Amino acid sequence: MGHSITRVAVIVGTACLLAGFTAVPARSPGVTQSFRDVAVNGLLWGGHRFHEVTSFNTWLRRHGTTYAAWARRHRTLSLGLWQHVACPPGCAAALAGPRPNSWNPHTRCRPILTTIPRLIGNQLSPLGGATERGGVLQPHLTGASRRALDLPCLTRGGTPTFVEIRAVQIAADLGSPPDGDRVFNVTDPRRLDISEPMRSIHLEIEGTWRVAGVAPSTDIPSLGSVVDVQGFCYWDAAHTDESWHSFSGWELHPLAAWR
């Protein structure tokens, strides 16, 4: 699905799904585009090169169809597009290879490689935290989904739910609250040019996963340690006014794996 040699036909002529494009010569129906081309250069669709994902709701209202249906027909192109959007420029070359695998055998999803700032976006709330609207994955998991043992790999809108973030630093160990979760925060030590809330995210090893025996180790390394993490992108609106949650609702919850 994610290999560089995969080819999927692009059906030209569909109205615009995405924004942020540069015009290029139109391509005729049936012309194929590789995963690498999409991942590195963006999606070529209807004669335009698309680089960014905008509101799905706007597109759905205009065209009366779903991104999920498009993604099912064009799995490799959909994957390449999301990798291109979520990945920082320095890792574009890596996207030509196979997509990363889950480190937790309980999780069947394959993660989107991203960074904290790219994932949560750059829109600031009045308190200086990342807003829900500014996040790159729209729509995303909310509500009771964080307690589920088996989460979907895509939302109903076709958005990937599972991400991988590399080389983050443990910034706070918040222990285990009464609900049985194991809680800590990480930050991106490479992005000291932006404020702490905008380069940090809250992580929760879910209590239901712990009870079921499918959670990662809760023996978290000491503060300042650098780890790689995989988890489901989730918005918790209950803590957007609290500093320990970076004045933002963004979490990886459940956290599926760390190493």
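Tell me, what is the percent relative contact order of region 112-258, built from C-alpha pairs under 8 Å that lie six or more residues apart?
Working: 335 pairs, mean separation 41.3, N = 147.
Dividing the mean separation by the residue count of region 112-258 yields 28 percent.
Determine one quarter of the surface area of the Cα convex hull of region 112-258, which equals its mean projected area, and express it in nm² to one decimal.
With every direction weighted equally, the projected area is 7.9 nm².
With +1 on the Cβ of every Lys and Arg and -1 on the Cβ of every Asp and Glu, and nothing else charged, how large is the dipole of region 112-258 about its Cα centre, in debye rounded to the nearest 20?
On the way: 11 positive and 17 negative charges, 78 e Å.
Computed about the Cα centre, the dipole is about 380 debye.
Put a dot 7 Å past each Cα toward the Cβ at Ser225 and Asn101; how far apart are the dots in nm?
The two pseudo-label positions are separated by 2.4 nm.
Putting +1 on Lys and Arg Cβ atoms and -1 on Asp and Glu Cβ atoms, find which of Ile170, Pro197, Val214 reaches farthest to the positive end of the dipole of region 163-214.
Of the options given, the answer is Ile170.
Modelling each spin label as a point 7 Å along the Cα-to-Cβ direction, I'd like the Leu174/Ala238 distance in nm, to one decimal.
If labels sit at Leu174 and Ala238, their model points lie 1.1 nm apart.
Full-extension gain between Leu124 and Ile194, please, as 0.36 nm times their residue separation minus the C-alpha to C-alpha distance.
Stretched fully, the Leu124-Ile194 segment lengthens by 24.0 nm.
How high is the relative contact order of region 168-220? Use alpha-carbon pairs under 8 Å, at least six apart in sequence, and give a whole percent.
Dividing the mean separation by the residue count of region 168-220 yields 32 percent.
How high is the relative contact order of region 132-179, in percent, counting Cα pairs under 8 Å that sit 6 or more residues apart?
In percent, rounded to a whole number, it is 31.
Readers should treat all values here as calculations from the given coordinates under stated rules, not as data from a laboratory. What you are looking at is a predicted structure, and each value in this text was computed from that prediction instead of being measured. Backbone-built Cβ (ideal geometry, glycine too); neighbour counts: all protein chains shown.
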